[in-house]
Structure formats: C-alpha cells, structure tokens
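Below: the structure, in structure tokens.
Just so it is clear, none of the values below were taken in a lab; they were calculated from the coordinates. Bear in mind that the values here come from a model prediction, so they are computed numbers and not experimental data. We place every Cβ from the backbone using ideal geometry, glycine too, and count neighbours over all the protein chains shown.
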Amino acid sequence: MWRIFAKRASLLSRWLPLLLMMGVVFFASHQPSGTLPDFGFWDLGMKKGGHFLGYAFLTLLAMRAVLDWKRPYLAAFLIVFLFALSDEYHQTFVPGRNGTFVDVFIDMSGALSCMLLLRWRQFLLLQENVKR
C-alpha cells in the first residue's frame with residue numbers, strides 16, 4: 001500500500017512542475033498584445049529571449065518528468081514541440097496576438113540547447129567516472 005502511495009507521490013513531484021510551467025506559459029500567451037510590456041529598443045530581444053529561455057526551462061522540467069522512460073530525450077522533445085505548436089495556435093485566438101512558426105523555431109532552439117547542455121553534462125560526468 002505505501003509503495004503505491006510513494007510511486008504516486010513520485011509521479012506527482014516529477015510531473016507537477018512541468019504542468020505548472022505549462023500553465024504559466026499558457027497564461028502569458030493568453031494576454032492581449034495591448035497588455036504586454038514594451039521594452040523599447042530591447043523589446044524584440046527580450047520577448048524572443050523569453051521564448052528561448054522559457055522553453056529551455058520547460059524542456060528541463062520535461063526531461064525530469066520522463067527521465068526513466070525508454071527514450072527520455074525524444075519524449076521530452078515531443079512534449080515540448082507539441083506544446084509549442086499548441087501555444088502558438090492558441091495565440092491566434094487572442095486579440096492582437098498571432099502564432100508564428102518563427103516562435104516555434106525559437107522555442108525549439110531553446111529546447112534543443114537545453115538538451116545539448118544536458119547531454120554534455122552527462123558526458124562530462126561519465127568521463128569523470130571513467131577516470132576514477
């Protein structure tokens with residue numbers, strides 16, 4: 001009985017942060033363009049950089065959620081890619097906003113950068129263990 005509870009708690013602790021972050025992204029995407037802050041000269045860089053970093057973090061949470069799956073990198077990539085597509089589609093219904101494939105590309109650039117950093121870290125840890 002306790003083992004089942006522990007497994008559910010573990011599942012919840014792995015998936016809840018990802019789902020909460022998805023909720024934050026959805027909420028931010030639901031804001032009409034008139035309510036978005038204007039960063040002046042830095043506006044485009046800040047907003048596209050936010051896409052990049054937000055989806056890098058989303059990927060980190062997705063990797064954490066599916067770490068024990070057979071193909072965690074592929075699973076996390078698909079989760080984040082499908083969410084990015086759905087988020088951009090959702091924005092087409094928000095006044096003053098539009099969904100673009102450029103944003104999906106930026107989102108997935110952040111996701112892939114995160115995955116490359118995770119693989120590099122994994123490689124370094126393996127090299128360190130080999131030296132011991």
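Figures for the structure shown
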| read-out | value |
| --- | --- |
| D (Stokes-Einstein, µm²/s), Kirkwood Cα radius, the stretch 18-125, 0.692 mPa s at 37 °C | 226 |
| Value of relative contact order over the chain, rounded to a whole percent, pairs C-alpha under 8 Å and six or more apart | 30 |
| Global geometry of the stretch 50-98, whether rounded, prolate or oblate, following the gyration tensor of its Cα atoms and the 1.5 cut on a/c | prolate |
| Cα-based Kirkwood hydrodynamic radius, the stretch 84-132, one decimal, Å | 13.0 |
| Sparse-neighbour loop sites [chymotrypsin sites (Phe, Trp or Tyr not before Pro); the stretch 76-132; at most 13 other C-beta within 10 Å; DSSP] | PHE93 |
